[in-house]
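Below: the structure, in structure tokens.
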Amino acid sequence: MSTGPDVDLDAIAREGLMAPPGAVTPAHDGSGRVQLSFTVVGGQDRSVRVPPGVTVFDSASWNGIAIDSTCGGHGTCHKCKVRLDVQTPVSRHDRRTFSPTELEQGWRLACLATATRDLAVEVPPLTTRPKAATVGVGRQVILRPAVQKRYVELVAPSLADQRTDLVRLTDAIDDLEVTVDLAVLRRLPVVLREADWKVTAVVVDEALVDVEPGDTTADRYGIAFDLGTTTVVATLLDLSTGTPVAVASRLNKQQPFGGDVISRISATMMDPDALGRLQQLASETLDELALQVCTEGGVDPAHVYEVAVAGNATMTSLLLGIDPEPLGVAPFVMPTAHPPVVLASEVGLHLHPRARVALFPALGAYVGGDIVAGMLATGMDRDKRTRLFIDVGTNCEIVLSDGDTLVSTAAPAGPAFEGGAIRCGMRAADGAIEVVRVDPAEGTVVLGVIGDTTPRGLCGSGLVDAVAELVRVGLLDASGRFVTADAAKESLPLLADRLTQVGEERVFVLHRPTPDAEVADCVYLSQRDVRELQFAKGAIATGWALLLEQLGLEQDDVQQVLLAGSFGSYLSPASAIRIGLVPKIPVLRIVSAGNVAGEGAKMALLSVRERVGAATLLDTVEYVELSDRPEFNDRFVDLLSFPGGA
């Protein structure tokens with residue numbers, strides 16, 4: 001077959017790339033370096049030198065330059081958009097992502113663009129603070145934190161009283177049994193004498209972590225972290241009163257390695273240096289948030305003595321620098337269900353030098369400490385009602401209780417709910433469509449947009465709303481297929497013109513920037529987007545359906561559904577029922593639980609009794625592995641369709 005005069009196959013570095021006419025793609029011999037000059041919109045410019053043939057995405061990732069991605073640079077999410085100063089080969093993925101005008105302007109997917117010569121690279125700003133739930137459903141607890149302070153005024157030693165400094169101090173706080181390490185012993189003699197024997201002893205659990213001059217009993221703080229795969233939330237707590245002082249959230253800085261745990265596990269398997277970089281990025285994320293909440297709360301970081309972290313098993317392993325590979329391959333084994341208490345300095349936190357970090361225990365490789373924290377906050381083991389707990393995300397965790405027995409499982413939902421693998425998908429940031437309402441009588445589509453600005457894309461809750469509305473009005477059938485153009489014109493004539501095509505794929509236009517805009521420049525829902533959502537909701541529905549069977553229950557028996565996490569907080573319960581994401585029950589039984597992982601982490605800081613309760617849950621909850629259930633595939637296929645409903 002002739003390839004044409006403008007195509008040099010030897011210059012094509014990756015399968016699927018075809019050079020456009022006139023493109024400059026000089027060959028290289030693999031030696032030397034090429035220079036990439038990155039211009040980060042709203043950030044710092046930077047130049048790096050890399051071996052020829054490396055992708056732009058990898059070049060940026062290796063050098064700490066964040067480019068948006070949810071697939072970790074595998075060419076499937078279409079998020080890593082950059083603009084190059086010279087024409088480079090265009091892949092089929094580029095053609096599906098950009099308009100012809102954008103391709104001419106140099107826009108490419110960074111993971112598919114290889115650096116074969118010096119390049120100037122324009123990087124759009126990364127959304128570091130997506131819309132996130134910072135609070136959630138919780139319970140009142142008896143205030144009994146592990147961090148205790150005792151102010152004492154000691155009698156100076158004399159020839160008649162030659163007790164050691166340590167005994168003199170511990171005798172004065174005899175209601176606490178303490179251990180002491182060398183670092184505290186080194187400080188003790190100096191602080192006691194410089195403070196004229198008036199000091200405050202700081203104890204965490206049974207460890208004497210510091211002796212501070214004067215009375216500092218009013219300064220006693222802790223930080224609760226929800227260490228999510230996508231978003232991390234930090235809450236600074238006053239441990240004397242139990243009240244929050246400041247709350248902050250941001251995107252997990254590990255995002256360039258992929259939007260889900262499997263991508264990040266794969267990165268450590270393919271690159272021996274990836275584990276160290278992922279650990280560093282997790283530490284940087286927590287440290288930046290810790291310093292932010294301390295600054296906003298007017299608190300000295302040295303007065304933060306304890307940290308609680310609720311994260312899934314992979315995030316916990318990466319934070320501790322533990323190889324996560326066994327979590328990603330059968331039989332999916334954790335290094336430990338009970339991570340050790342470590343010093344904050346060991347995970348890169350600049351707080352009190354001997355502050356402790358307590359990490360939540362995990363039920364399994366895919367039902368981790370964040371879910372244990374969520375169960376603790378919502379009292380799943382205390383309520384006698386039949387309750388279903390669903391944390392919706394790339395990996396969906398599900399817990400079911402009939403009032404006596406608790407069972408749990410995990411379902412691989414994929415990145416659709418985070419806006420990944422969706423044609424016009426984006427994270428929940430300004431410009432993202434989060435609410436969709438279709439009026440067939442008026443032929444209108446009303447959009448709720450984050451930030452009340454011009455729509456730029458579709459986030460997870462908007463995706464669910466859009467599909468649910470199109471199912472409701474009849475533009476999508478139960479199988480998830482768009483109805484024919486003729487059927488749309490006959491039954492919904494005022495909406496039919498929105499049902500069109502991009503290339504060979506049928507789409508429904510949600511927003512046109514201008515009346516005469518090309519469809520490719522609009523925000524739309526594609527047929528493939530619908531399929532992505534079907535696969536995600538099918539996996540989740542299969543999970544809770546099998547748990548119901550395990551306990552001999554029907555959908556109608558469920559008295560409450562708790563939708564947890566940032567996505568669950570903004571999801572329309574009615575839309576969730578209509579597409580079959582949750583059981584078909586009265587909408588008032590569905591509760592947006594919010595950031596229950598963060599609430600559980602706060603409870604662990606405020607009460608040692610609740611911390612024991614979290615560990616006890618591991619003996620209470622039975623984990624059900626779906627992958628070895630013979631009926632899983634058949635049930636999954638059955639639940640792909642949309643049940644519809646009011």
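Readers should treat all values here as calculations from the given coordinates under stated rules, not as data from a laboratory. In this text, all values refer to a predicted model and were calculated from it rather than measured experimentally. Neighbour counts are summed over all protein chains in view; Cβ atoms, including those assigned to glycine, are modelled from backbone coordinates with ideal geometry.
Annotations for the structure displayed:
- Between Val446 and Leu143, the contour length at 0.36 nm per residue exceeds the alpha carbon distance by 104.4 nm.
- For the stretch 301-366 versus the stretch 153-215, the gap between their alpha-carbon centres in whole angstrom: 31 Å
- Simple label model, 7 Å out from Cα along Cβ direction - Phe332 to Leu291, nm: 3.8 nm
- Acute angle (nearest 10 degrees) that the helix 460-473 long axis makes with the longest principal axis of the chain, alpha-carbon atoms: 40 degrees
- Dividing the Cα radius of gyration of the chain by 2.2 N^0.38 Å, with N the residue count, gives 1.07.
- Once Rg and the Kirkwood radius are both taken over the C-alpha atoms of the stretch 147-213, their ratio Rg/Rh works out to 0.93.
- Normalised contact order of the stretch 118-260, rounded percent, pairs of Cα under 8 Å and 6 or more residues apart: 24 percent
- Relative contact order of the chain, pairs being alpha-carbon contacts under 8 Å that are 6 or more residues apart, as %: 13 percent
- Extension gain for Ala485-Val167 works out to 105.9 nm (0.36 nm per residue, less the C-alpha to C-alpha distance).
- DSSP-defined beta bridges in the chain - what % are antiparallel, rounded to 5: 70 percent
- Aspartates and glutamates whose Cα lies under 18 Å from that of Lys489, excluding same-chain neighbours fewer than 8 positions away: Asp439, Glu442, Glu469, Asp477, Asp497
- Residues Ser158, Ser607 arranged by fewest to most Cβ contacts within 10 Å: Ser158, Ser607
- Qualifying chymotrypsin sites (Phe, Trp or Tyr not before Pro) for the stretch 277-378 [loop in DSSP, other Cβ within 10 Å: at most 12]: none
- With both labels modelled 7 Å from their Cα along Cα-to-Cβ, the Ser240 to Arg33 distance reads 5.3 nm.
- With Cα atoms, 0 to 90° folded angle of helix 596-606 axis to the chain main axis: 10 degrees
- Kirkwood hydrodynamic radius of the stretch 432-521, from the reciprocal of the average inverse Cα-Cα distance over all distinct pairs: 13.6 Å.
- Segments 633-639, 144-150, 410-416 sorted - mean Cβ within 10 Å per residue, highest first: 410-416, 144-150, 633-639
- Angle in degrees between helix 274-297 and the longest Cα principal axis of the chain, rounded to the nearest 10: 70 degrees
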